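Participant: Before we start, here is the structure in question, set down as structure tokens.
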Amino acid sequence: MLDPSNQQILDELVAMGAPPIHKMTPADARHGDLIFAAACQGDNPHEQVGRIEDRTIAGPAGEIPLRIYTPKAAPCGALVFFHGGGWVVGSIEGHDEVCRRLTNDSGALVISVGYRLAPEHKFPAGVEDGYAATAWVAANAAALGYPAGRVAVGGDSAGGNLSAAISLIARDRGGPKLALQLLIYPAVTASLDWPSVKEFSGYFITVEDMNWFMNYYLRSADDAANPYACPMNAKDLRGLPPALVITAEMDPLRDQGEAYAARLREAGVPTTVSRYQSVTHAFVNMAPRVEAGRKAIKEAGAAARAALTS
């Protein structure tokens, strides 16, 4: 049975009368994502961190926006965070509360990346922005005020995809060395042939929504086969950073995330899988109102702290 708090948020979204994502334009879906973030927050106050700074850095095709969250104590390292939203929607602003909580629970600097979105910027634009931001964070430890060499990547859904892909790119391009890949219900394959897709389509997202996102993000079947777009297609997962994979029981993406975790383990990558029961995709965004979301962020924060201080 679906967690009552999770169900209440979904009921509120239905009551607003918005069409399904796959029937929206990207612009309307982006607006809807901010409405969803506000619904998740409810009347709860935002977590307070030491400091928040918005800035831009040079990227492969123009400036990349960043929001840098500094904890109240000296940061133990840096977690480069990529928001979800199917590579089409989502934003730094929409994931502000998640990043605030991750900052407090990890004790790390959290750098939220405003990578380019599809369909205006299809693959590999977002992942190249993400890699450039990760490399910049790794190269600027002194200026950012965290111990050099202590960098992790993480994100939810499409952001989990980017985190997995950037881990592959960093290995293949010789750096930067990453301490952890935090994969929160990651999308790692274009294949929808999974039992959880059949069972839980309609719980927050549908098969049609997933196809809508993929069709906007990928240019061709060749992209779908590219491991930097779909990390499950990587032939060799050896030498990747340790992973924490968080999944949701009632999420169409559950099985692919857990299958990727199994492949990481088979490749000798230290990997923890944590499935949260009775919740849907995006439950981490619901943390202000859903206890499982708060627990998952605390688990993610503890994993980041341990990886960045070991």
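We did not get these values from a lab; they are worked out from the coordinates using the rules stated. Computed from a prediction, not measured in an experiment: that's the story for all the values here. As a convention, Cβ positions derive from the backbone with ideal geometry for all residues, glycine included, and neighbour counts pool all protein chains shown.
Participant: For the chain, what is the charge dipole size about the Cα centre, in debye to the nearest 20, if Lys and Arg each add +1 at the Cβ and Asp and Glu each add -1 at the Cβ?
Facilitator: In total the dipole reaches around 1040 debye.
Participant: Using the beta-carbon distance between HIS31 and GLU120 and R0 = 25 Å, what value does 1/(1 + (r/R0)^6) give for FRET efficiency, to the nearest 0.05?
Facilitator: After rounding to 0.05, the efficiency reads 0.95.
Participant: So, one more: How large is the convex hull of the C-alpha atoms of segment 42-133 per residue, in Å³?
Facilitator: Output value, Cα hull per residue: 95 Å³.
Participant: Between LYS23 and GLU208, with labels modelled 7 Å along Cα→Cβ, what's the label distance in nm to one decimal, could you check?
Facilitator: Once both label points are built, they end up 0.6 nm from each other.
Participant: Can you tell which of SER163, ALA78, GLY293 lies farthest toward the positive end of the dipole of the chain, using +1 and -1 charges on the Cβ of basic and acidic side chains (Lys, Arg; Asp, Glu)?
Facilitator: Ranked along the dipole, the leading option is ALA78.
Participant: For the chain, what is the Kirkwood hydrodynamic radius in Å, using each pair of distinct C-alpha atoms?
Facilitator: Roughly 18.9 Å, rounded to one decimal.
Participant: What is the fewest-to-most order of LEU264, LEU183 by other Cβ atoms lying within 10 Å of their Cβ?
Facilitator: Ordered by Cβ neighbours within 10 Å, fewest first: LEU264, LEU183.
Participant: Next question. In terms of modelled amide H atoms, which long-range or inter-chain residues lie less than 5 Å from the amide H of ILE57?
Facilitator: Answer set, sorted by chain and number: ILE64, LEU66.
Participant: Once each part is reduced to its C-alpha centroid, what is the distance from segment 253-310 to segment 41-72 in angstrom?
Facilitator: 22 Å
Participant: Related question: To make sure I understand the rule: partners must be aspartates and glutamates, Cα under 17 Å from the Cα of LYS298, and not fewer than 8 residues away in the same chain. Which ones qualify?
Facilitator: Straight-distance partners of LYS298: GLU47, ASP96, GLU97, ASP105, ASP156.
Participant: Using 0.36 nm per residue, how much length does the chain from LYS235 to ASP193 gain when fully extended, once their Cα-Cα distance is taken away?
Facilitator: Using 0.36 nm per residue and subtracting the Cα-Cα distance, I get 13.2 nm.
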